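*Asks:* Got a structure here, written out as structure tokens. Questions coming.
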Amino acid sequence: MKVPDKLASSVRARWPDRADTWLTSIGPELDELTRQHSATPQRVLPARYAFVVSATSPHGPLIFRASPDPAAPDQATVADALGRLDVGPKVHLTTSTDTGLWTVMEHVIPGTPLADANPATLDIEALVRPLRAMVGQPAPSADLPLITDWLRDRLTDDNLTELPAGEQVAPKAERAHALELLDELAADMRPGLCHGDASPWNVLTGHDGQWKLIDPRGMQGEPEYDAAVVAYKLVRFFTVWDAEATIATIWRSRYGRIGKWITVARTARV
């Protein structure tokens, strides 16, 4: 299983001090993990900062995921909580190495990402269901960073470089307004289980039309933020009829809160 050149370049650019050691370790570590699970690797799946391999096994289809991200343990903690709630793939194993972290989890089938869904047949209520399931769920660890702190850092960074394709840092006045909204939201937010990165590539179709969430950011917050990100990204990807108001209605919540999160997410260029 060869590491894609694009992945190697991305990892070297982001974590230059650990990239080469991590890249060298992937082969033997994957061999050992697949042996332990009696698994046969099938193919390397696309990912920006992680090495992801699908595999067959006597226990069903599996995903082996290696990450050099220093925040990977927090991400795995949230992924495990999502799996136990059945809104994400079940995590079978998380193990740290000298260079990173491996996660072995069930493979979501068919696994078509929301980004490739047909907007004409998209069931918004089914899409919102896993997000609503997180409401009231505690954060899996009180040590997880807050999504509000991460957003505040992005909104106050005049030289933000991690941006979606084609985006530029928002004007200062817009960011100042978004910071005011963020302060309002943070004032009455009860930090709990939150995916933190519900982009259309991290929401996959599962069995019987259920949606599953993968690759969480590894933070605590509130699922209303995730609902806002889904709504904001849907509009950007599909130019869907008022997806933002539709999701807020299905959420059975004041549009005001969802709308504030959408403004914050859009301005922070998440």
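The values are calculated or read from the model by the stated rules, or taken from the named source; none is laboratory data. It should be emphasised that the depicted structure is a prediction, and the values quoted were computed from it without experimental measurement. For neighbour counting, all protein chains shown are included, and Cβ atoms are generated from backbone atoms with ideal geometry for every residue, glycine included.
*Asks:* The conditions are (1) touching a Ser or Thr at 6+ places or on another chain (Cβ under 7 Å); (2) more than 30 Å from PRO61 (Cβ to Cβ), and TRP211 fails exactly one of them. Which is it?
*Replies:* Of the numbered conditions (1) touching a Ser or Thr at 6+ places or on another chain (Cβ under 7 Å); (2) more than 30 Å from PRO61 (Cβ to Cβ), the odd one out for TRP211 is (2).
*Asks:* Against the condition under 27 Å from GLY221 (Cα atoms), out of contact with any His (no Cβ under 9 Å at 6 or more places or on another chain) and modelled with pLDDT of 95 or more, how does ASP5 come out, does it pass?
*Replies:* Values: under 27 Å from GLY221 (Cα atoms): no; out of contact with any His (no Cβ under 9 Å at 6 or more places or on another chain): yes; modelled with pLDDT of 95 or more: yes.
No, not satisfied.
*Asks:* Run PRO130 past the list (1) buried (at least 19 other Cβ atoms within 10 Å of the Cβ); (2) under 23 Å from LYS6 (Cβ atoms); (3) not aliphatic (A, V, I, L, M) and report the number of the one that doesn't hold.
*Replies:* (2)
*Asks:* Which ones in segment 174-201 are assigned to a loop (DSSP other than H, G, I, E, B) and closer than 19 Å to TRP150 by Cα?
*Replies:* Initially, segment 174-201 is screened for residues assigned to a loop (DSSP other than H, G, I, E, B), giving 188-191, 194-201.
Across segment 174-201, the qualifying residues are ASP188, MET189, ARG190, PRO191, CYS194, HIS195, GLY196, ASP197, ALA198, SER199.
*Asks:* Looking at ALA228, ALA248, ALA176, which one is surrounded by 22 or more Cβ atoms within 10 Å (Cβ to Cβ), over 13 Å from the mean Cα position of the chain (by Cα) and modelled with pLDDT of 85 or more?
*Replies:* On the way: ALA248 fails: modelled with pLDDT of 85 or more; ALA176 fails: surrounded by 22 or more Cβ atoms within 10 Å (Cβ to Cβ).
Only one candidate passes the filter, namely ALA228.
*Asks:* Hey, another quick one. Which residue pairs have Cβ atoms under 9 Å apart, sit 6 or more places apart or on different chains, and have a first residue in segment 57-72 that is without any contact (Cβ under 8 Å) to a residue 40 or more places away in the chain and a second that is exposed (fewer than 14 other Cβ atoms within 10 Å of the Cβ) and part of a strand (DSSP E or B)?
*Replies:* Pairs found: SER57/THR40.
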